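Written below as structure tokens is the structure these notes are about.
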Amino acid sequence: MCGIVGYIGHRDAAGLLLNGLRRLEYRGYDSAGIAVLNGGLKMFKQKGSVDELRRSLHDAGNPLNGATIGIGHTRWATHGDPSDRNAHPHVSSDGRIALIHNGIIENYPAIKKELISKGVHFSSDTDSEVLVHLIESIWSDNPGMALEAAVRSALYHVEGAYGLCVISEREPDSIVVARKGSPLVIGIGEGEYYIASDAAPIVEHTKKVVYLADGEMAVVTRNDGFAIKTIENIAREKHVSELEFELAEIEKGGFEHFMLKEIFEQPKVLQDVMRGRVRLDEGQVRLGGIEDYLDRLKLSSRVIICACGTSWHAGLIGEYLIEEFARIPVEVDYASEFRYRNPVITRDDVVIVISQSGETADTLAALRLAREKGALVMGICNVVGSTIARETLCGIYTHAGPEVGVASTKAFTAQVTVLYLLALTLGKGRTMSRNELKLYLKELNGIPEKVERILKQNDLILEIAKNYKDAGNFLYLGRGYNFPVALEGALKLKEISYIHAEGYPAAEMKHGPIALIDQDMPVIFIATRDNSYAKVLSNIEEVRSRKGKVIAIANHGDDEIGRLADHVIYIPPASAPVTPLLSVIPLQLLSYHIATLRGCNVDRPRNLAKSVTVE
Ligand code: M6R
């Protein structure tokens, strides 16, 4: 949710931290702040973006420059409104300890009450501030204690989730970090160390990283490197991982927004998903991450897919694909519902969790519950080394590269492609011959080029968007494989343009939503030529006869639809199971253009964060 950075080394910390915060801003962007140690503790924080923080620091004469150790934070508000006082870092009453925190301290009211009774004054409305006062209180009762021990002792009192960094004047050469529920990575440079919520701020400095696991702490020091222990004080040996992406992948590369860049990356992403996995000539799919569990996967009595948001929409398409290709029954659940409804799970079930970030709190909790109940838990994740990727027994990476735009685009098509390959793999030898498999793979192999052709219509889609930028509502309708695409189109529009939008199965329209149709209601129909095409045409007629505006996504060569719809965006024909990979592209572009025409910040929509690591 929030973004955390830390630096200790020989270079100017403030500049590095500001740069790091900029790369993490997609995680939260309502306020930002930095604290450094340079003779004493110095801190600067305020409501607003990292750029605004940079400008304010500049106007103030860069008071934090010159330090070689510091921590920084960009916030997504949970407790307390976005404001200067609620921005992190939080500082102890004596001004000598600073702390940044990502997560939620659930029992903060009780801790706060106790601290207030001891005379502690609070300067913010956040849950996080209790931590710094608790550390100070423990430290003043035990003056000989190391900072690490004081933090550990404070964490014993805390319920909830945290990724945190603490610095203090009393130990000017170390940063103490801890993790439970909120991710943290340590980057290992030449005589310098970086700490961050994810690898984005680290990759330009070093590719060597260590991921902290839940329940681990580290003390990162200038001269002695870092030592990792559990919160219970047991030493841990950690494996140093190599980052697999380049800096260029997290830069805009000439596009106005990350979202647009990521939409346009999709032909390449889809090829990357298939690379090394698909052998067209032999009709083979090789998914290394699940190979050892393939027999058990094929024998499962049921597949349950758990995810949130866009990943959940991909999961719905996965349901259609796995049932069609492998004939295994599939259920798709919101991870947030699954985790609390005491679901029936048996050892014969396979639970697939899907997550771009690999850090979504609800999805992670669903995974842990399924694992506890003995199901085989498999992950489909984009972020390599993420918590979900590490905690699942087996899995498939989507290889979409870093997705920075808060609205998920390329991660979605990569997830659908992975699910397609998985469904074929499960179906092979069960319900599907090698020749059938070859045909399906061939079809998939042609998709990147078809996506490329749709992207060429970007200018046309912009023109269509101009007609609808002031609409107050939208309906998205589709059937079969295009029903989840309708949901995804509606989510994309609402999250970045703030226009109310709903997705429905087209046939459901007459059971209620039709009451909404009038001349002010644009309706997007995904009307590709599949077995429900004729029925969708009837739905279009129903909307037209109530004066609704119709935008249709249809196949090239479909002249009939041109007569019925106000606007048509044509996509190349394809069989139904691969159609979502095509039909979603115009919807992504339409949302993007409507949002930018309305002056919205598409990469950082209000109230949202890229990675939802709190409930
Ligand atoms: O990282 P995840 O895939 O687990 O994230 C799930 C949702 O939070 C995410 O898809 C969200 O709905 C996006 N903003 C959609 O664009």
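Which value, in debye to the nearest 20, gives the size of the charge dipole of segment 250-445 about its Cα centre, when Lys and Arg are +1 and Asp and Glu are -1 at the Cβ? Mind showing how you got there, number by number?
Working: 24 positive and 25 negative charges, 95 e Å.
It works out to roughly 460 debye.
Only sites in a loop by DSSP and with at most 11 other Cβ atoms within 10 Å count here; which GluC sites (Glu not before Pro) in segment 519-611 make the cut? Mind dumping the intermediate values first?
On the way: sites: 541, 542, 560; in loops: none.
Answer by residue number: there is no such site.
When all alpha-carbon pairs of the chain are counted, what percent fall beyond 35 Å?
The answer is 43 percent, as a whole percent.
If you line up the long axis of helix 50-59 against the longest principal axis of the chain, both from Cα atoms, how many degrees apart are they, to the nearest 10?
40
Listed highest first by mean packing, meaning other Cβ atoms within 10 Å per residue, what order do 183-192, 3-12, 426-435 come in?
3-12, 183-192, 426-435
What relative contact order, as a whole-number percentage, does segment 455-615 give when Cα pairs under 8 Å and 6 or more residues apart are counted?
With pairs under 8 Å counted, the relative contact order is 28 percent.
For residue 226, what residues show an amide H to amide H distance below 5 Å, using hydrogens built from the backbone and excluding near sequence neighbours?
Result for residue 226 returns 221.
Helix 533-544 against the longest principal axis of the chain: what's the angle in degrees, Cα atoms only, rounded to the nearest 10?
Between helix and principal axis, roughly 80 degrees.
Considering Cα pairs under 8 angstrom that are at least six residues apart, work out the relative contact order of segment 250-445 and quote it in whole percent.
29
Just want the answer: with Cβ charges of +1 for Lys and Arg and -1 for Asp and Glu, which residue in 321, 579, 557 is farthest toward the dipole's positive end in the chain?
Among 321, 579, 557, the one farthest towards the positive end of the dipole of the chain is 557.
With every protein chain present, what accessible area does residue 312 have (1.4 Å probe, heavy atoms only), rounded to the nearest 10 Å²?
Residue 312 has an accessible surface of roughly 30 Å² with all protein chains in place.
Suppose every K and R has +1 on its Cβ and every D and E has -1 on its Cβ; what is the size of the dipole of segment 481-548 about the Cα centre, in Debye to the nearest 20?
160
To the nearest 20 Debye, how big is the dipole of segment 455-615 about its Cα centre, given +1 on the beta carbon of each Lys and Arg and -1 on that of each Asp and Glu?
200
Let me cross-check residue 556: its accessible surface, 1.4 Å probe, with only protein heavy atoms counted, in Å² to the nearest 10?
Taking all protein chains as shown, residue 556 has close to 90 Å².
Explain nothing, just the number: relative contact order of segment 97-164, from Cα pairs under 8 Å at least 6 residues apart, as a whole percent.
Details: 67 pairs, mean separation 35.9, N = 68.
Contact order relative to length: 53 percent.
How many Å² of accessible area per residue for the chain, probe 1.4 Å?
37
Taking all protein chains in place and a 1.4 Å probe, what share, in percent, of the accessible surface of segment 455-615 do carbon and sulfur account for?
The nonpolar share, carbon plus sulfur, comes to 48 percent.
Would you kindly compute the Cα radius of gyration of segment 455-615 and its largest Cα-Cα separation (Dmax), both in Å?
Calculated on Cα positions, Rg and Dmax stand at 15.0, 49 Å.
If you fit an axis through the alpha-carbon atoms of helix 361-372 and take the longest principal axis of the Cα set of the chain, what angle between them do you get, 0 to 90°, nearest 10?
So the inclination is approximately 80 degrees.
What does the highest-first list of 345-355, 460-470 look like by mean Cβ count within 10 Å?
Packing proxy ranking, top to bottom: 345-355, 460-470.
Pick out, from 451, 370, 119, the residue whose Cα sits farthest towards the positive end of the charge dipole of the chain, with +1 on the Cβ of Lys and Arg and -1 on the Cβ of Asp and Glu.
The one lying farthest along the dipole's positive direction is 451.
The values are calculated or read from the model by the stated rules, or taken from the named source; none is laboratory data. In this text the structure is predicted, and so the values were computed from the model without any measurement. Here Cβ is always computed from backbone atoms with ideal geometry, including for glycine, and neighbour counts include all displayed protein chains. When the accessible area is computed, the model is the full protein with side chains, heavy atoms only, and any ligands, DNA or RNA have been set aside. Shrake-Rupley method; radii C 1.70, N 1.55, O 1.52, S 1.80 Å.
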